[in-house]
C-alpha cells in the first residue's frame, strides 16, 4: 500500500499532564503510552485558540480561525470550505468521522469530505446519545465512549481493504461534566489525588484577567459537576480540597475509559496486521487546567490550556520512542496528513507539514514562535479576549478585552493589559515581567514578532493597542 492509513484519535479537554507518557503524577494511560513508545511524543504542541469548535475547525481546514470563520463556540462551520478529508477522498481514501464534531448542526454544517459520519449533536451526553449518521438521527443506548469505539470498529471492519482509510475517531470525554461509567466509577475511591503546585494561586503579579476568570475549583464548580452535596462543617480550605477531589477523580475516570477504548482499536490494527501501514495520532482539541492556578477549563494562553498532547506512530517512517521539543501547532496537522498521503498541500492551508520533523530532519527554518488568539470575550468563564506570541522561552499576551462583535462574546470592554512570562525562570507563569526594565529589549523583540506573525497569518491587531514605547 503506497498511501498509509490514517487513524486520527482526538479527545476533548485531555490535558497532556494527565497522561503517563507525559510524566503524569496523578494517573496512568497504558494504551496511550503504547503510541508514544512505538512512535514520537511532542512536548511543544500548541493550539491557536484553546476552545473546542475553533480548534477543531483549524485542525480540519489547516487555517486560523479568522480565516475559517470559527472564532467562537457560537460560530458555525461553513462546510463548503476545503478540508483535508475532501482532498484525501479525492485520491481514493475511504473517509469517516465518528463521535465529537461540534462545528454546528444541519446540512450547512455537518461533515463534508466523509463517506461516513456518525456524530454527536453539539456536546452530546455521556450516556445514551442521539447521534447523526449521514444526516439521519439515530438513538444509541450505553456509554458514549464505548459507543464511539464500537461504531469506529464497525466501520473499520466493513471497509474496503484494498483502499487506504482515514478515520477520525473523536471522543467527547473527558469534557465537563466528567461522568464516568460504572466500570470506572470507583477508581481512586480510597486515595487522594495530589494537588498541582499552583493550586493555591492568589492571582497577584498578573494582569486583572486571571483574578477575574470564573473557572475556580473553590467557587465555580456547580452541583452537576460535583454530583454530591458539599459535606457540612468544612472550612473554606477543606471545601476547596474536597471539590478538587470530586472534580479530578471523575475527570481521570473518564480518561481511563478513553484509554481502555483506544486500546481496543490499537489491538484491532495489530490483529489485522495493518499497524505498520497506519499513521496513528492521539491528541486533544486543547489542553485543560487540572486544578492548576486553582482552575478547571481552558481558554487562556497559559501553558496548561495552550499545550496539546500529541503522539504519533508510523513504524515505516517514525523512530519508536522518540521525543521532540520542536514547536508544532494544530494548524499543522492537515498539511502533515496530506504530505504522507502524497497529496499536494493547497496554498490556502496556513500550516506546515511536520513530516521532516517526524523523520528526524527538522529544517533550519522550522518555527520557533507561534500566534494565539482567543476571541470569545467574557462568555461562559469570564475570560478576557486576548492574543499573543509564544517562543521557546517567552510568552507575551495582550488582553485587548473587547468583544469586537464576535458571536457569543459579551460586549463589555475591560482595560487592556500586557503580560510577559519568562518560561525558563518562571515555568508556572506566576510573575508578569512586562513592566520590568530588565525585560525591555525582550518586550520590544516580542512585540515585533507578534506583529510579524499577525501579518503572516493575515490577522488584524486590536485598533486600541498601545504603541511600543521609545
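Residues in region 385-405 that are buried (at least 19 other Cβ atoms within 10 Å of the Cβ) and part of a loop (DSSP other than H, G, I, E, B): 385, 400, 401, 402, 403. Taking the conditions (1) assigned to a loop (DSSP other than H, G, I, E, B); (2) surrounded by fewer than 13 Cβ atoms within 10 Å (Cβ to Cβ) in turn, residue 211 satisfies each one other than (1). All of 221, 252, 234 fail the test of being in a loop (DSSP other than H, G, I, E, B) and either in the same structural domain as residue 171 (by TED's automatic domain parsing) or within 20 Å of residue 12 (Cβ to Cβ) (or both), apart from 221. Could you go through region 20-33 and let me know if any residue there is in contact (Cβ under 8 Å) with a residue 24 or more places away in the chain, crowded, with 20+ Cβ neighbours inside 10 Å, under 25 Å from residue 341 (Cα atoms) and in the same structural domain as residue 346 (by TED's automatic domain parsing). The answer is yes, given that some residue of region 20-33 is in contact (Cβ under 8 Å) with a residue 24 or more places away in the chain, crowded, with 20+ Cβ neighbours inside 10 Å, under 25 Å from residue 341 (Cα atoms) and in the same structural domain as residue 346 (by TED's automatic domain parsing).
Of all residues in region 412-447, those satisfying the criterion of being free of Cβ contacts under 8 Å to residues at least 40 places away in the same chain and either outside the structural domain of residue 398 (by TED's automatic domain parsing) or under 22 Å from residue 400 (Cβ atoms) (or both) are 412, 413, 420, 421, 433, 434, 435, 436, 439, 440, 444, 445.
Name every residue in region 199-208 that is surrounded by fewer than 18 Cβ atoms within 10 Å (Cβ to Cβ) and assigned to a loop (DSSP other than H, G, I, E, B), in order of residue number. Once the filter is applied, which keeps residues that are surrounded by fewer than 18 Cβ atoms within 10 Å (Cβ to Cβ) and assigned to a loop (DSSP other than H, G, I, E, B), region 199-208 yields 200, 202, 203, 204, 205. Counting residues in region 302-314 that are farther than 24 Å from residue 123 by Cα, assigned by TED's automatic domain parsing to the domain that holds residue 13, surrounded by fewer than 18 Cβ atoms within 10 Å (Cβ to Cβ) and over 13 Å from the mean Cα position of the chain (by Cα) gives zero. Exactly one residue among 105, 121 is under 19 Å from residue 53 (Cα atoms), without any contact (Cβ under 8 Å) to a residue 24 or more places away in the chain and surrounded by fewer than 17 Cβ atoms within 10 Å (Cβ to Cβ), and that residue is 121. Only one entry in 63, 48 is part of a loop (DSSP other than H, G, I, E, B) and over 23 Å from residue 311 (Cβ atoms), namely 63.
The values are calculated or read from the model by the stated rules, or taken from the named source; none is laboratory data. Note that the coordinates shown come from a computational prediction; the quantities given were computed from them, not determined experimentally. Because the Cβ atoms are built from the backbone with ideal geometry, glycine has one as well, and the counts that use them run over all protein chains shown.
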